[in-house]
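Data block below; observations after.
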Amino acid sequence: MIKEILKPGLLLLIFTIISIFFVSWTQNTTQEQIQHNEEQLLIKRLAELVSNYDNDILKDKYTQLLTLHGVHQSINIYPAKRNGQVFAHLIEHTYPNGYNGNILLLTGISSDQTLLGVRVIAHKETPGLGDKIETRKSDWIKKFTGLSLSNPGPDNWKVKRDGGVFEAFTGATITPRAIVTASHQVLELFSKQALLDKSAK
C-alpha cells in the first residue's frame, strides 16, 4: 500500500527534476545566443562608425557611471586606437525619452570632438514612423556624421518644429527629437572629458 502511494510521488519528483533541468538548459542556451547576437550587432555598428583602428576595441572597452540624458547610467566606451594613440571614442548610452521608452545608442566622437556618426542598437519606436532612425529604413541618422557642438550652433540642435535645423519624420517628431537631443548631450558631456578613461592617465 505504501509503495503504491510513493511510486506516483517518486515519478512526479523525477519528472519535475528533469523538467527543471531542461528549462534551465534551454534558458541558458537561449541567453548565450541572445548575447552573441547582441555582440555581433554591436560589432557591426562599431564598424559602421570607425574602421581604421588597430587595437582590440571590444577588449579595451571601459565603463563610466555618469548622469547623462537626465539619468544615472552605466556608459560603455570603446576607444579606437592607431599606433597606440586614441583617435576616437565610441560611446554606448541610453536615451530614456523616446516615444516608447529607452533608445540604446552608439555615438562615435573623434578626438577633435566631431561626430563620426550615430547608430541605434535597440529601440521600441513605432514601426513605419519612429523606426526610421534605423539605417535599414532610412538614411536620416547618417546626416549626423561630421557635426559638432559648433556645427550647427547651440541654438540649432533641435528639430525644425522646435526652431532648429534637423528634419523630423512625417507623423513622428518625438523620435527624431530624441536622437538630436541625445547626440547634443553626449557631445556636451564628451567636451567636459567626463567620458575619458581616467585609469589610462
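All of the numbers you see were taken from the coordinates with simple rules; none came from a lab. Source: prediction; values computed, not measured. Note that each Cβ is placed from the backbone with ideal geometry, even for glycine, and that neighbours are counted across all protein chains shown.
Observations on the model:
- For region 120-198, GluC sites (Glu not before Pro) are listed when DSSP marks them as loop and at most 16 other Cβ atoms sit within 10 Å of their Cβ; the list is E134, E167.
- Percentage relative contact order, region 112-158, counting C-alpha pairs under 8 Å, at least six apart: 46
- Pair I43, T67: separation of 7 Å Cα→Cβ label points (nm): 3.8
- One way to sum up the overall shape of region 62-200 is the equivalent ellipsoid from its Cα gyration tensor, whose semi-axes run 25, 16, 14 Å, largest first.
- Applied to region 46-57, the Karplus parametrisation 6.51 cos²θ - 1.76 cosθ + 1.60 on θ = phi - 60° returns per-residue 3J(HN,Hα) values of 4, 5, 6, 9, 8, 9, 8, 10, 10, 9, 7, 5 Hz, with x for Gly and Pro.
- Gap separating the Cα centres of region 134-201 and region 76-117, nearest whole Å: 11
- The listed peptides 153-165, 83-95, ordered by packing as a protection proxy, come out as 83-95, 153-165 (highest mean of other Cβ atoms within 10 Å first).
- Between the listed residues N97, H72, I133, the Cα displaced farthest toward the positive end of the dipole of region 62-200, a dipole computed from Cβ unit charges relative to the Cα centre, is found at I133.
- Between L147 and L115, the built amide H atoms are under 5 Å apart, and every one of these is 5 or more places off in sequence or on another chain.
- Contact order normalised by residue count of region 62-200, Cα under 8 Å, 6+ apart, percent: 18
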